[in-house]
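Readers should treat all values here as calculations from the given coordinates under stated rules, not as data from a laboratory. Source: prediction; values computed, not measured. Quick reminder, even Gly has a Cβ in these numbers, built from the backbone with ideal geometry, and neighbours come from all protein chains shown.
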């Protein structure tokens, strides 16, 4: 979804990775969990930290910092797992994403959201749905469906059930 398709006020969950503030549309967020034990799965990409047991369901957990070329997320008091729904080839996958901290839920008007810049950010522009202006700062609104390639997420889809067996 591009910035032009945003025509009404939307709510976004803001979170930090390092010193950068990111946001996800709350419609994709299921819940936020305290950091918990993550079970490692062999032969997964480095950014896949493993899986967690979420009320009997296996949920893959990814490290967004690694996916964005930053250093690995370290367990701190504020480290959390954002559980979100990601679309993959017409199917919805529930997955967790590590964040250094969750900030707040904010409302953004369509005129507060600008297209992603073509330069000046350390992550690929196709990951960014838009830049939300909040006071004098910008928040990078992620397009969670674009953050990972279908090939990477396909590996998660087949590995998570195997981790239960």
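Roughly speaking, what is the stretch gain from residue 114 to residue 11, that is 0.36 nm per residue apart minus the C-alpha to C-alpha distance, in nm to one decimal?
Difference between extended and current length: 35.5 nm.
Which order do peptides 54-60, 40-46 fall in by mean Cβ count within 10 Å, highest first? Present the calculation step by step, with values, prior to reporting the outcome.
Details: 54-60: 14.6, 40-46: 12.3.
Averaged packing, sorted descending, gives the order 54-60, 40-46.
Between residue 106 and residue 133, 0.36 nm times their residue separation minus their Cα-Cα distance comes to what? Display every interim value, and only then the final one.
Values: separation 27, 0.36 × 27 = 9.72 nm, distance 1.09 nm.
Value of the extension gain: 8.6 nm.
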